[in-house]
Structures are given as C-alpha cells and as structure tokens.
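One structure is given below, encoded as structure tokens.
The values are calculated or read from the model by the stated rules, or taken from the named source; none is laboratory data. Just so it is clear, the structure is predicted and the values come from calculations on it, not from any experiment. Glycine gets a Cβ as well: all are built from the backbone with ideal geometry, and neighbour counts include every protein chain shown. Heavy atoms of the whole protein, side chains included, go into the accessibility calculation; ligands, DNA and RNA do not. Shrake-Rupley method; radii C 1.70, N 1.55, O 1.52, S 1.80 Å.
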Amino acid sequence: MKQAEFDFVKDVKGRAWDYCVLVTNDEKMDARALSQLYRDRGDCENNFDEFKNQWGWSGFTTHKLKSCRTMARLIAIVANWWNVFCRLADPTAHREAITSRPAYMGIMGRIVESGRKRTILLTSTHAESELIQQALGTVAAFFRWLKSTAEHLDEKTRWYVVLRCAFHKLLMPEPPLGAVIPIR
C-alpha cells in the first residue's frame, strides 16, 4: 500500500513553513481530512488557552472557594464582553486578546464639550491605527444605527440585535436580502 502524501506549498510571498506530522490509525482518512480534524481540535483548544493564559484564569487561586468562583465569573464576563466588542469591530473573525487588547486599549480619549453636545476624541499610537480607526468607526456606526431604532425595541430584542450583528458570521453566514441590520 502506498503512503498518502500531502502537497505542502509555499505561501503567496514564497515563504516556506515548518510542518508537523499527524498520525492516525484510520486507514480510510486521507491527509486533508486528518489536517482538518487537527485544525478543528486546535480551534477548540485555543479558546481554553486564551482564557487561561491571556485572561488570567490560571493565575488566581485561593483556599476560599467563593473568592475563586467570583474571580472566575468576573474574568468570564469581561472576556465575553471583550469578544462581543471585538466582533462588532470586525465581525468576520475572532480576535485573540493578546493582539486585540493592545490595539484597542492603547487608545487615549478626550471628551470635548461644545454647547450641549459631547464628543469623544480618540487618539491611537498603535502601528495599525488606521485599521483600528476603521474598526471603531464600524462600532460607532452600529451604535448610531441602534440608537435610532432602539427606542422601538424591547430590551430582549435590543440584545438580540447586538449579538446577531456581532456574531452574524457564525449565526448567518449569508446575509438575508433586505436585511434591516447593517451587515458588512
């Protein structure tokens, strides 16, 4: 029986990458299917790694169970809110905290009052400040749109709209025709 082979190709810029060997005892599985299973497994493990190493679930321990549970819940709430915010900024992909927090939290803000209007001016010193500005513009446009419609919606429907817009790639890969919610 001939051994299955997988053609490794260079990326668009011609760079070669290090490869790992994946082994299975399933004789019917080809290399592409095995690679997809490995990627899917990695996607699941990345979430646990992110909570543990980037959000601090591994670093807080005490003999008092109530304190541990409280901190774990607070970390989960903050991480979930951050995920919703990042998904509103870029609904096409999950952004890990290790890259998204420095990008968005390195922004300085200033409130300017003129007449009866308050404006928040944001300044970023990040190298990708133009992309960050576009992402924050997307979030601002969404909330302007939501504010114009929110008074007609009950609280449950408002949450539905926010989460549907943030996670539309997961919930609805194809936007419906004539969608009311502004979907990119």
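Using heavy atoms of the protein chains and a probe of 1.4 Å, the accessible area assigned to residue 151 is about 150 Å².
Placing +1 on the Cβ of every Lys and Arg and -1 on the Cβ of every Asp and Glu, with nothing else charged, gives segment 67-142 a dipole about its Cα centre of roughly 400 debye.
Residues of segment 26-161: accessible area per residue at 1.4 Å, in Å²?
Ligands and nucleic acids excluded, the figure is 77 Å² per residue.
Counting 0.36 nm for each residue step from residue 10 to residue 159 and taking away their Cα separation leaves a gain of 49.3 nm.
Let me make sure I get this right: for segment 115-160, a, b and c are the square roots of the gyration tensor eigenvalues over alpha carbons, sorted descending. Under 1.5 in a/c it's rounded, otherwise prolate if a/b > b/c, else oblate. Which is it?
Working: a/c = 3.82, a/b = 1.73, b/c = 2.21.
Cα axes put segment 115-160 in the oblate bin.
Distance between the 7 Å Cα→Cβ label points at residue 3 and residue 127: 3.9 nm.
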